[in-house]
Protein chains: 2
Amino acid sequence: MQTLTVELGDRAYPIHIGPGLLDRADLVLPHLIQKRAVIVTNTTVGPLYLERFSQTLKNAGMQVDSVVLPDGEAYKNWETLNLIFDALLTQRAERKTTLIALGGGVIGDLTGFAAASYQRGMPFIQIPTTLLAQVDSSVGGKTGINHPLGKNMIGAFYQPQLVLADTETLNTLPARELSAGLAEVIKYGLIRDLPFLEWLEANMEALMARDTTALTYAIRRSCENKAEVVAADERESGQRALLNLGHTFGHAIETGMGYGNWLHGEGVSAGTMLAADLSRRMGLISTADVERIAALFHRAGLPVVAPDLGYDAYMDYMGVDKKVEAGRIRFVLFKQLGEAFVSGPGTPNDYDPDALRATLTEAVSKS
Amino acid sequence: MQTLTVELGDRAYPIHIGPGLLDRADLVLPHLIQKRAVIVTNTTVGPLYLERFSQTLKNAGMQVDSVVLPDGEAYKNWETLNLIFDALLTQRAERKTTLIALGGGVIGDLTGFAAASYQRGMPFIQIPTTLLAQVDSSVGGKTGINHPLGKNMIGAFYQPQLVLADTETLNTLPARELSAGLAEVIKYGLIRDLPFLEWLEANMEALMARDTTALTYAIRRSCENKAEVVAADERESGQRALLNLGHTFGHAIETGMGYGNWLHGEGVSAGTMLAADLSRRMGLISTADVERIAALFHRAGLPVVAPDLGYDAYMDYMGVDKKVEAGRIRFVLFKQLGEAFVSGPGTPNDYDPDALRATLTEAVSKS
């Protein structure tokens with residue numbers, strides 16, 4: 001087991017990474033105020049791990065209740081969030097009861113927001129069971145739900161007490177979701193860690209084959225990168241925005257194609273290729289760089305061509321994006337491979353609107 | 001105009017109290033990131049003050065949108081909250097746009113929770129237009145909505161940038177709501193400020209006659225008391241719980257009688273009388289003390305006898321209260337007039353269950 005700490009002052013918390021952590025009540029107990037927990041999971045992960053993990057906690061003398069939600073991004077909404085509140089109130093969960101998220105990013109986001117909001121805040125623990133959640137959504141305190149008019153529009157910044165990333169849970173992960181997780185892993189190399197990017201290029205086959213050593217290194221390096229960024233900029237005013245590489249385009253793709261049809265990581269992959277294309281058109285990176293990025297995503301089993309939603313639809317979907325400022329969109333663009341920056345409205349750093357139009361009409365699927 | 005500051009480190013904010021503040025754009029402008037605001041109000045307050053206050057801001061060069069919600073505690077729920085989100089998304093409000101609550105406690109709670117949750121947090125300003133909101137719900141950062149199974153169960157601790165308490169808005173306040181506000185004013189005297197309690201006994205007629213000087217003093221002294229408590233204990237682990245005098249019983253009364261039928265302050269008044277009766281039965285205060293409290297509430301036009309919901313119903317409603325810890329209820333009780341304490345499960349400070357049963361069966365309305 002490896003451990004790193006997300007440094008956030010009095011809200012600092014540890015991330016443990018390794019096999020068999022679902023059996024380790026000793027890692028959970030020091031973080032409880034009350035020996036009582038409610039586990040939130042879904043109909044996919046529940047049958048695999050809920051009974052085992054509940055038993056781990058019960059054997060340690062804890063009172064354990066659970067809520068099993070429907071699975072999928074399409075359920076990341078108020079109705080599902082309310083199922084958690086209903087269960088907490090029916091079970092009379094208290095303000096010092098701990099809420100535990102056992103599942104992927106959707107479960108983590110829903111559970112985190114429920115924990116942030118139930119009685120105005122109760123402790124919670126993240127147990128991410130997908131690669132995406134282990135490297136991304138369990139670090140940084142972003143929680144929330146979707147709104148019909150925009151993804152992740154309603155939520156809170158709320159930190160867990162603890163994250164347990166059990167690498168054994170990745171053995172039951174569908175191939176498509178493994179790939180989606182790798183999109184975020186690759187992102188860290190692209191935005192700020194060229195040596196890691198090169199390591200990924202050398203080890204992509206091992207990752208796709210679920211080699212434990214390779215996965216453990218990739219998770220740890222991703223969490224370290226994200227933890228460094230988040231610790232420096234918890235509320236996303238500066239550096240943290242770099243983590244949104246491919247996300248402005250990606251969210252538009254996810255929204256345009258209908259929630260749940262494209263996985264988040266797939267949107268990020270195709271969205272990053274749009275950001276790369278825009279950067280190339282602005283003379284920031286070369287065609288060879290764009291192809292190198294595409295090759296790595298492709299080897300990770302990810303889509304590298306965005307759907308043709310139409311320029312107006314893209315702009316419309318991006319218009320309500322959280323990175324919007326003073327009416328202009330802010331994009332994460334490439335300075336070079338391993339170094340990204342955020343475009344700034346009204347500065348020399350701003351994106352080129354003509355290049356954006358070309359990207360959204362020419363660099364998309366023509367099939 | 002008088003000003004006090006709620007000391008909360010980097011989230012400290014000023015409260016301005018005085019007449020004519022709705023015309024003072026100069027007080028608002030220093031607190032904006034973007035010269036853009038969305039005002040949330042309701043169908044009662046909107047017709048009185050929305051146009052005037054919008055014009056104040058527009059004359060100062062601001063872009064101003066608004067949302068008008070239905071009025072009443074019965075609307076303090078997810079559906080109404082979502083009307084704010086719909087408006088923010090339709091109007092493409094940004095993360096740096098300021099949300100302004102113009103109304104009473106329900107508007108403040110809804111708007112504050114919307115501001116805390118929209119894009120995971122946007123700035124907001126409170127402009128309380130009821131006495132209750134001016135002395136209580138605009139100070140302390142408590143925001144949220146009700147759930148069918150419990151009041152204020154879903155929400156956030158979220159601080160405003162600024163509070164403007166315009167005393168002129170009290171001239172349009174219905175008498176019943178003035179009284180409800182006075183319940184919270186009296187509470188500050190009861191829990192920690194005997195000189196203020198004595199001042200209230202000497203000036204209740206002036207307050208009921210809406211004497212500006214008396215009201216200004218009462219608002220300021222209440223805010224100071226609350227600000228001192230909140231600054232010392234932002235997240236309600238200790239001293240802040242004293243602010244809940246009468247609230248555990250009061251919430252049960254409000255829930256049991258159906259949201260919106262009893263005003264919050266009315267529940268607090270009758271609930272405080274139950275707390276006083278319980279304290280008397282436990283030998284903490286005298287019958288004369290109880291009668292003195294009742295006399296002051298009565299002069300403020302408030303109910304002093306709680307409804308007979310039945311012991312089981314009271315216990316049931318109080319069982320999901322946020323002050324519950326380790327399965328036992330925590331009550332705010334009287335040590336003496338002007339000094340309250342929180343009962344502690346398993347300590348000599350705990351309440352007497354037999355006395356509680358007697359209070360809930362004998363000190364309630366027999367009509």
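Look at the stretch A:154-166: the mean tally of other chain Cβ atoms within 10 Å of its residues' Cβ atoms is 2.
Equivalent-ellipsoid semi-axes for the protein assembly as shown (Cα gyration tensor, √(5λ), whole Å, largest first): 49, 31, 19.
Mind ranking A:270-283, B:205-218, A:241-254, B:252-265 by how tightly packed they are, going by the mean number of other C-beta atoms within 10 angstrom, highest first?
Order by mean packing, descending: A:241-254, A:270-283, B:252-265, B:205-218.
Hydropathy at least -0.5 by Kyte-Doolittle, axial extent at least 15 angstrom from the Cα trace: which helices of chain A, defined as entire DSSP H runs, fit? Mind showing how you got there, number by number?
On the way: long enough: A:78-90 (17 Å, 0.88); A:105-117 (18 Å, 1.12); A:175-192 (27 Å, 0.40); A:194-208 (20 Å, 0.59); A:212-232 (30 Å, 0.03); A:264-281 (25 Å, -0.20); A:287-299 (18 Å, 0.06).
Taking the DSSP H segments of chain A (at least 15 Å long, mean hydropathy at least -0.5), we get A:78-90, A:105-117, A:175-192, A:194-208, A:212-232, A:264-281, A:287-299.
Relative intensity of segment B:243-289 on a log10 scale, I(q)/I(0) at q = 0.16 Å⁻¹, equals -0.43, per a Debye sum over C-alpha point scatterers of equal strength in the absence of solvent.
Given +1 at the Cβ of Lys and Arg, -1 at the Cβ of Asp and Glu and no other charges, the dipole of the protein assembly as shown around its Cα centre is 320 debye to the nearest 20. Among residues other than B:T80 with Cβ under 11 Å from its Cβ, the summed charge is -4 (Lys and Arg +1, Asp and Glu -1). Rg and Dmax of chain A, based on Cα coordinates, read 20.0, 63 Å.
In segment A:2-172, the convex hull through the Cα atoms has an average projected area of 8.9 nm², a quarter of its surface area. Of the peptides B:189-196, A:52-59, B:156-163, the ranking by mean beta-carbon count within 10 Å, highest at the top, reads B:156-163, B:189-196, A:52-59.
Each DSSP beta bridge with both residues in chain B is either parallel or antiparallel, and the antiparallel ones are about 40%. Here the Debye sum runs over all C-alpha atoms of segment A:105-206 as equal scatterers in vacuum, and log10 of I(q)/I(0) at q = 0.12, 0.22 Å⁻¹ comes out as -0.46, -1.15.
As a ratio to 2.2 N^0.38 Å, the alpha-carbon radius of gyration for segment B:175-362 is 0.97. For chain A, the residue among A:P353, A:G20, A:F249 whose Cα projects farthest onto the positive side of the dipole built from Cβ charges is A:G20. Averaged over peptide A:114-122, the number of partner chain Cβ atoms lying within 10 Å of each residue's Cβ comes to 6. A Cβ-based charge dipole, computed about the Cα centre of segment A:95-217 with Lys and Arg at +1 and Asp and Glu at -1, lands at about 740 debye.
For segment A:123-163, the residues whose amide N sits under 18 Å from a probe point set 7 Å from the Cα of B:Q91 along the beta carbon direction are A:149-150, A:154.
Near A:L284: Cβ cut-off under 13 Å, other residues only, Lys/Arg at +1 and Asp/Glu at -1. The net charge is -2.
Sorting the segments B:358-365, A:20-27 by their mean number of nearby beta carbons within 10 angstrom, highest to lowest, gives B:358-365, A:20-27.
Here the spin labels are modelled as points 7 Å beyond Cα on the Cα-Cβ line, and at A:D233 and A:V305 they lie 3.4 nm apart.
Taking Lys and Arg as +1 and Asp and Glu as -1, the other residues whose beta-carbon sits under 12 Å from that of B:T98 total +2. Here r is the Cβ-Cβ distance between A:D23 and A:A202 and R0 is 35 Å; the resulting FRET efficiency, rounded to 0.05, is 0.60. Restricting to bridges with both residues inside the protein assembly as shown, how much of the DSSP beta-bridge set is antiparallel, in percent to the nearest 5? Beta bridges within the protein assembly as shown, antiparallel portion: roughly 40 percent. Quick note on segment B:158-276: its Rg to Rh ratio, both from C-alpha atoms and Rh being the Kirkwood radius, is 0.96.
Compactness of segment B:266-367, taken as the C-alpha radius of gyration over 2.2 N^0.38 Å, stands at 1.03.
Readers should treat all values here as calculations from the given coordinates under stated rules, not as data from a laboratory. Because the structure is a prediction, the values reported are computed rather than measured. When we count neighbours, we look across all protein chains shown, and the Cβ atoms used for this are built from the backbone with ideal geometry, even at glycine.
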